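What follows is a set of notes on a single structure, which appears directly below.
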Amino acid sequence: MEKIVILTGAGLSAESGLGTFRDAGGLWQQHRIEDVATPEGFARDPGLVHCFYNARRKQAAAARPNAAHKALARLQRDWPGEVVIVTQNVDALHEAGGAARVIHMHGELAGALCADCGHRWPAPEEMAPGHPCPACAAPEARPDVVWFGEIP
Ligand SMILES: [Zn+2]
């Protein structure tokens with residue numbers, strides 16, 4: 001049976017109201033990428049970075065899957081072979097649309113990552129600098145998203 005691999009990106013979730021970083025007037029437009037989406041930016045001003053991702057997390061949680069998310073979930077369900085969805089999106093709209101197997105190559109807004117030990121856990125709604133890691137207690141919690149300059 002043939003396998004299908006589908007790669008999706010920001011355009012898919014734009015229809016659900018989540019702006020791509022090139023959109024005018026969006027969240028991204030109010031910040032420089034270097035300030036909010038790089039390890040260096042996080043080291044400089046973790047408060048700003050957490051604030052930016054808290055806003056994105058809140059926006060993503062309120063968004064609803066669109067027809068494309070649902071169609072891909074239907075394909076995954078009905079195709080007799082395997083359908084793997086690989087997404088660059090950090091929202092959970094594929095899952096909300098019914099997809100079962102999704103690989104988030106750029107991480108997930110719903111996740112927190114310890115910059116010290118690499119432990120991952122569900123992110124609280126609001127993250128803040130100094131938030132301790134539940135595994136090693138280091139105050140190094142960051143959003144579990146892949147930033148510019150990092151390897152997916
Ligand atoms: Zn840790």
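Read-outs: derived from the displayed coordinates by stated rules, not from any lab. Bear in mind that the values here come from a model prediction, so they are computed numbers and not experimental data. Positions of Cβ are generated from backbone atoms using ideal geometry, with glycine treated the same way; all protein chains shown enter the neighbour counts.
General remarks:
- C-alpha long axis of helix 67-78 to longest principal axis of the chain, angle in °: 60
- Across the chain, the longest run free of exposed loop sites, meaning chymotrypsin sites (Phe, Trp or Tyr not before Pro) lying outside DSSP classes H, G, I, E and B with no more than 15 other Cβ atoms within 10 Å, spans 22-147.
- Residue order, fewest to most beta carbons within 10 Å, for 38, 87: 38, 87
- With both labels modelled 7 Å from their Cα along Cα-to-Cβ, the residue 40 to residue 115 distance reads 1.4 nm.
- Net charge of neighbours whose Cβ lies under 10 Å from the Cβ of residue 148, counting Lys and Arg as +1 and Asp and Glu as -1: -3
- Peptides 122-129, 1-8 ordered by average Cβ neighbours within 10 Å, highest first: 122-129, 1-8
- With respect to the chain, whose longest principal axis is taken over its alpha-carbon atoms, helix 46-62 is tilted by about 30°.
- Applying a 4.7 Å Cβ-Cβ cutoff to the chain, the cysteines left without a disulfide-compatible partner are 51.
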